[in-house]
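The values are calculated or read from the model by the stated rules, or taken from the named source; none is laboratory data. Given the structure is predicted, the values throughout are model-derived calculations rather than measurements. No Cβ is skipped: glycine too gets one built from the backbone with ideal geometry, and neighbour counts run over all protein chains shown. Protein only, heavy atoms only, side chains kept; ligands, DNA and RNA dropped before computing areas. Shrake-Rupley method; radii C 1.70, N 1.55, O 1.52, S 1.80 Å.
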Amino acid sequence: MTGTGPPATNEAAAFDAIALGTAIQRRIGVKTSRDEPLARFTTMRVGGPADLFATVHNVHELRAIVRYTRDRAIPLTLLGRGSDVVIADAGIRGLVVQNRAEGSQLDGESYVAESGLPMARAATETQKAGLTGLEFGLAVPGTVGGAVWANAGAHEADMAGVLASARVLDVDGREAAIATADLGLSYRDSRFKRARGELILEATFDLELAEPDLIKTRLDDIRRWRQAHQPLGMPSAGSVFRNPPDDSAGRLIEAAGLKGTRIGGAVVSEKHANFIVNDQKGTATDVRRLGDQVRAVVARDTGIELEYEVEFAGDWDGWPWPD
């Protein structure tokens with residue numbers, strides 16, 4: 001989830017969803033809907049409505065809708081697969097665009113993927129082509145664009161290790177291929193988290209040749225590990241906190257006796273302590289309050305301040321709110 005336009009505000013009167021939706025449909029050919037509930041577009045299954053919502057299906061539509069909204073200073077938020085994000089119960093002001101630009105192509109040992117392509121599909125496509133390096137993507141629930149934005153990783157690998165470059169649309173509407181060395185990638189971080197006006201259109205990966213069956217074995221191992229250690233099949237946003245240096249957020253949370261701790265419909269997973277699952281139709285407020293409680297207990301017991309890995313998007317003005 002990234003914001004690529006002016007910050008959204010509570011001045012809803014200045015945002016004419018009907019006029020904007022009509023203009024986008026007429027000029028770009030992308031359908032829109034008003035007051036669209038966002039919970040079903042997120043893996044945590046929480047979140048209020050978007051003032052206006054649209055889904056793009058290719059880079060051309062994505063580029064066009066971003067340029068159109070920027071030229072008119074319209075608040076814009078991009079949503080990928082809806083993982084790693086908790087959308088406020090009050091929703092998101094302005095326009096929310098779901099990125100389903102999912103094209104990809106192979107060129108020798110290079111693999112080019114549009115930013116809306118799911119990482120899991122990137123892992124399986126490259127496996128079938130006999131290219132190794134993206135197996136960890138099977139354990140990343142988001143898109144290629146989101147994975148670059150966060151330098152996502154799993155199973156002792158991350159995007160920085162295989163990414164060659166990213167094609168980016170800058171704040172002035174210009175496109176450029178930017179080498180990995182210039183993306184500011186570090187543990188779960190990149191320059192895109194600070195340069196909010198930059199939009200990732202596609203990514204190019206440098207991979208290596210390997211036997212497809214050997215790569216498939218690695219993918220099967222990752223699937224089995226996830227099934228054994230993570231609460232798959234239950235609504236969650238993925239890992240809630242970053243791992244602190246030389247330690248594990250899950251270990252710290254479990255050591256604090258917090259597995260099974262509940263607020264409303266949200267609970268710390270019994271299977272993996274660094275997951276909060278929404279197993280009883282909880283709210284975004286439940287999730288964030290529980291996360292804050294976990295942080296407070298771990299800090300009290302260990303002196304370590306856990307940092308959120310999930311993003312909190314939308315109207316959280318005034319947080320923390322009184323009970």
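When Lys193, Lys259, Lys281, Lys271 are compared by accessible area of protein heavy atoms, the largest-first order is Lys281, Lys271, Lys259, Lys193, using a 1.4 Å probe. In this structure the amide hydrogen of Ser83, modeled in the peptide plane, comes within under 5 Å of the amide hydrogens of Thr43, none closer than 5 places in sequence on its chain.
Based on protein heavy atoms only, the chain ends up with 45 Å² per residue of surface accessible to a 1.4 Å probe.
With both residues required to sit in the chain, DSSP beta bridges show an antiparallel share near 75%. Projecting the Cα atoms of Gly21, Phe136, Pro322 onto the dipole axis of the chain, where Lys and Arg carry +1 and Asp and Glu carry -1 at the beta carbon, places Gly21 farthest toward the positive end. Would you work out which of Gly103, Met159, Leu38 lies farthest towards the positive end of the dipole of the chain? Charges go on Cβ: Lys and Arg +1, Asp and Glu -1. Sorting the options by dipole projection puts first Leu38.
Within the range 175-268, the chymotrypsin sites (Phe, Trp or Tyr not before Pro) that combine a DSSP coil assignment with at most 16 other C-beta atoms in a 10 angstrom radius are Tyr187. The modelled label-to-label distance between Trp321 and Met234, using points 7 Å beyond Cα along the C-beta direction, is 2.5 nm. Residue order by solvent-accessible surface for His57, His155 is His57, His155, largest first, with ligands and nucleic acids left out and a 1.4 Å probe. Shape summary of the range 186-288, radius of gyration then Dmax from alpha carbon positions: 17.6, 49 Å.
Before anything else, pin down the relative contact order of the chain: Cα pairs under 8 Å, at least 6 apart, normalised by residue count, whole percent. Please list the in-between numbers first.
Details: 709 pairs, mean separation 56.1, N = 323.
Taking the mean separation of contacting Cα pairs over the length of the chain, I get 17 percent.
What is the extension gain from Asp279 to Lys193, computed as 0.36 nm multiplied by their sequence separation minus the C-alpha to C-alpha distance, in nm to one decimal?
The Asp279-Lys193 span can extend by a further 28.0 nm.
Net charge dipole, the chain: roughly 820 debye, given to the nearest 20, about the Cα centre with Cβ charges of +1 for Lys and Arg and -1 for Asp and Glu. On the basis of the beta-carbon distance and an R0 of 41 Å, Asp71 and Ala181 show a calculated FRET efficiency of 0.85. Of the residues Leu201, Ser190, Leu219, the one whose Cα sits farthest towards the positive end of the charge dipole of the range 176-220 is Ser190 (charges of +1 on Lys and Arg Cβ, -1 on Asp and Glu Cβ, taken about the Cα centre). Name all residues of the range 141-156 having a backbone nitrogen under 20 Å from the label point set 7 Å from the Cα of Glu307 along its Cα→Cβ direction, giving them as ranges. Flagged as within label range: 146-156. The average projected area of the range 167-233, computed from the convex hull of its Cα atoms over all directions, is 7.2 nm². In a reduced charge model with +1 at each Lys and Arg Cβ and -1 at each Asp and Glu Cβ, the range 36-156 shows a dipole moment near 380 debye about its Cα centre.
Put a plus charge on the Cβ of each Lys and Arg, a minus charge on the Cβ of each Asp and Glu, and nothing anywhere else: the dipole of the range 215-323 about its Cα centre is then about 560 debye.
Atom-type composition of the exposed protein surface of the chain places 47 percent of the accessible area on carbon and sulfur (1.4 angstrom probe).
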